[in-house]
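**Student:** Right, I'll just put the structure down here and ask away after.
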Amino acid sequence: MNDLWTGFLAWVESTHIQKQVAEVDYVGLFTNPWFLVPFIMAVLYFLYRQAFKDLILMAIFVAVWWVSGTEYMSTLVVGDELQVSKVLPVLFGGAAVVGFVIYMFFGRSD
């Protein structure tokens, strides 16, 4: 199992996913018609289907993606030290989002 995990981590490092996500041009992405048209079509389709759970999940995904690129997130680790005072709000915010998603899918009946 450890070899599998080590191989997976090596593969993730070889793809440079973290670097690619960090260098995304958000303004360019949301003004690019090749991204914007399918994104708007998906939102309109979810509204037409009245799939508000899917629409909320899409909004949460976009919000988490935006928050992960803020200056606050880049200052969570300074040098080799984790800034606990800055991590706790992120931890509680993530727990609140996960709690909301669990409530949305399992807590309510339609």
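**Student:** Please verify whether L57 is on the phi < 0 side of the Ramachandran plot and over 16 Å from the mean Cα position of the chain (by Cα), treating the condition exactly as stated. Steps first, answer last, please.
**Tutor:** Working: on the phi < 0 side of the Ramachandran plot: yes; over 16 Å from the mean Cα position of the chain (by Cα): no.
So L57 does not fit the description; no.
Okay, residues lined up against (1) within 22 Å of D54 (Cβ to Cβ); (2) in contact with a helix residue (DSSP H, G or I) (Cβ under 6 Å, 6 or more places away or on another chain); (3) of a type outside the set (K, R):
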residue: S68; (1), (2), (3): yes, no, yes
residue: L76; (1), (2), (3): no, yes, yes
residue: D80; (1), (2), (3): no, no, yes
residue: V87; (1), (2), (3): no, no, yes
residue: A96; (1), (2), (3): yes, no, yes
residue: Y103; (1), (2), (3): yes, no, yes
residue: G107; (1), (2), (3): yes, no, yes
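**Student:** Further, regarding this structure: Charged (D, E, K, R) and closer than 24 Å to M104 by Cβ - does that describe any residue in region 31-49?
**Tutor:** Yes, the conditions are met somewhere in region 31-49.
**Student:** Look at S68 and say whether it is of a type in the set (G, A, S), under 23 Å from P89 (Cβ atoms) and open to solvent by less than 100 Å² (accessible area, probe 1.4 Å). Spell out how you get there, then give the answer.
**Tutor:** On the way: of a type in the set (G, A, S): yes; under 23 Å from P89 (Cβ atoms): yes; open to solvent by less than 100 Å² (accessible area, probe 1.4 Å): yes.
Taking the combined requirement at face value, the residue satisfies it.
**Student:** Which of the residues belonging to region 1-28 are under 16 Å from the mean Cα position of the chain (by Cα) and either assigned to a loop (DSSP other than H, G, I, E, B) or modelled with pLDDT of 80 or more (or both)?
**Tutor:** As a first pass, look at region 1-28 and keep what is under 16 Å from the mean Cα position of the chain (by Cα): 17-26.
Residues satisfying the conditions are E23, V24, D25.
The values are calculated or read from the model by the stated rules, or taken from the named source; none is laboratory data. The structure presented is a predicted model; accordingly, all values stated were derived computationally and were not measured. With ideal geometry, Cβ positions are generated from the backbone for all residues, glycine too; neighbour counts draw on all protein chains shown. Surface areas here come from the heavy atoms of the whole protein model, side chains and all, with no ligands, DNA or RNA. Shrake-Rupley method; radii C 1.70, N 1.55, O 1.52, S 1.80 Å.
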